[in-house]
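Participant: This is the structure I have questions about; it appears just below.
None of the figures in this text is laboratory data; all of them are computed from the coordinates on show. Predicted model only: the values in this text are computed from it and were never measured. In this analysis, Cβ positions are derived from the backbone assuming ideal geometry, glycine residues included, and neighbour counts consider all displayed protein chains.
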Amino acid sequence: MKFKGKVHKFGDDVNTDEIIPAKYLVTTNPKELAKHCLEGRSKNFARKVRPGDIIVAGRNFGCGSSREHAPLAIKGCGVSCVIAPSFARIFFRNCINMGLPILESKEAAKEARQNDILQIDLSKGEIKNISRKKIYRVPPFPKFLQRIISSGGLMNSIR
């Protein structure tokens, strides 16, 4: 699985309430959630993001309460992947369950800048920063996780 997109950069400790504020949890419709994605950190994110774009953040991305709405909102915006040095454990699992690929890479997250262009290859475990001409290696996604992601999430993969 390969993705290519523009970087939207965020800092450390982006919590799930900043990803999708609690007042919008009345729906599970990804397109509705997408309208408010990350407005706790960037009021204009939902208007700026384009299909295929990539979120690059600091450590502990997705901390806070366990809500499946957070990866749904991110996917609903068209974000293809999230890269950070570390993720909250339950958020990591929720992303896989919802079919949103996430990669841990301290170096790629630190060196990427807003609007850089990245190319991701999950099967190779490779993050290319095309703008900076750098390649970062991460453990490749196992085949069963690639199947979950390509199916659009755990439930779709089971079906």
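Participant: Of the listed values (i) 93; (ii) 135; (iii) 101, identify the label whose number matches volume of the Cα convex hull per residue in Å³ calculated from this model.
Facilitator: Label of the calculated value: (i).
Participant: Scan segment 41-129 for trypsin sites (Lys or Arg not before Pro) in coil per DSSP, keeping those whose Cβ has at most 11 other Cβ atoms within 10 Å, and list them by number.
Facilitator: Values: sites: Arg41, Lys43, Arg47, Lys48, Arg59, Arg67, Lys75, Arg89, Arg93, Lys106, Lys110, Arg113, Lys124, Lys128; in loops: Arg41, Lys43, Arg59, Arg67, Arg113, Lys124.
Of the trypsin sites (Lys or Arg not before Pro), the ones in loops of segment 41-129 whose Cβ has at most 11 other Cβ atoms within 10 Å are Lys43, Arg113.
Participant: Shape verdict for segment 61-105, please, from the Cα gyration tensor: rounded (a/c under 1.5), prolate (a/b greater than b/c) or oblate. Display every interim value, and only then the final one.
Facilitator: Values: a/c = 1.70, a/b = 1.08, b/c = 1.57.
Verdict is oblate for segment 61-105.
Participant: Quick one: Cα centre-to-centre distance for segment 19-66 and segment 97-159, in angstrom?
Facilitator: Cα centroid of segment 19-66 versus Cα centroid of segment 97-159: 18 Å apart.
Participant: So which lysines pass the test for Lys43, namely a Cα distance under 25 Å, with those fewer than 8 places away in the same chain ruled out?
Facilitator: Lys4, Lys6, Lys9, Lys23, Lys31, Lys35, Lys75, Lys110
Participant: Could you tell me which of rounded, prolate or oblate describes segment 1-49, using a ≥ b ≥ c as the square roots of the eigenvalues of the alpha-carbon gyration tensor, with rounded for a/c under 1.5 and, failing that, prolate when a/b is larger than b/c and oblate otherwise? Could you put the intermediate results ahead of the total?
Facilitator: Working: a/c = 1.82, a/b = 1.31, b/c = 1.39.
Oblate is the answer for segment 1-49, as a/c is 1.5 or above yet b/c matches or exceeds a/b.
Participant: Can I ask one more? Dipole of the chain, Cα-centred, from +1 at each Lys and Arg C-beta and -1 at each Asp and Glu C-beta, to the nearest 20 debye?
Facilitator: Details: 29 positive and 14 negative charges, 98 e Å.
That gives the chain a dipole magnitude of about 480 debye.
Participant: How far apart, in nm, are two points set 7 Å out from the Cα along the Cα-to-Cβ line at Lys110 and at Lys31?
Facilitator: Between Lys110 and Lys31, the simple spin-label model gives 4.2 nm.
Participant: Working out 0.36 nm times the residue gap between Lys48 and Lys134, then minus their Cα-Cα distance, what length gain in nm do you get to one decimal? The partial results should precede the final answer.
Facilitator: Working: separation 86, 0.36 × 86 = 30.96 nm, distance 2.51 nm.
Computed gain between Lys48 and Lys134 is 28.4 nm.
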